[in-house]
């Protein structure tokens, strides 16, 4: 079960629930995959709705890997995501929001 207070989000992948979390290692992989100039620029793309399917795929994959999943982006591209692309985008946005929220 995902713990939002720990920055975790859940996603069903091929009928199995997984926990996503953006660890430092996952963020480094994400930067490499997207060749992002900065993480704030990536966050801004989601905030203004300027993200691409590639952004969602990479972000979800990084979160899955941060949660312990051993797959690659190509594995995720072939997987069935519970709720489809819209759910993947929602989970990606929620993952970013939880990971970069100011401390309470």
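The values are calculated or read from the model by the stated rules, or taken from the named source; none is laboratory data. This structure is a prediction, so every number in the text was calculated from the model and none was measured. Note: ideal-geometry Cβ built from the backbone for every residue, glycine included; neighbour counts use all protein chains shown.
Looking across segment 9-51, the residues that are modelled with pLDDT under 85 and within 16 Å of residue 101 (Cβ to Cβ) come down to 39, 40, 42, 43, 44, 46, 47.
Would you point out the residue of segment 1-20, among those that are within 13 Å of the chain's Cα centre (by Cα) and assigned to a loop (DSSP other than H, G, I, E, B), that is nearest to residue 68 (Cα to Cα)? Taking the candidates together, the pick is 8.
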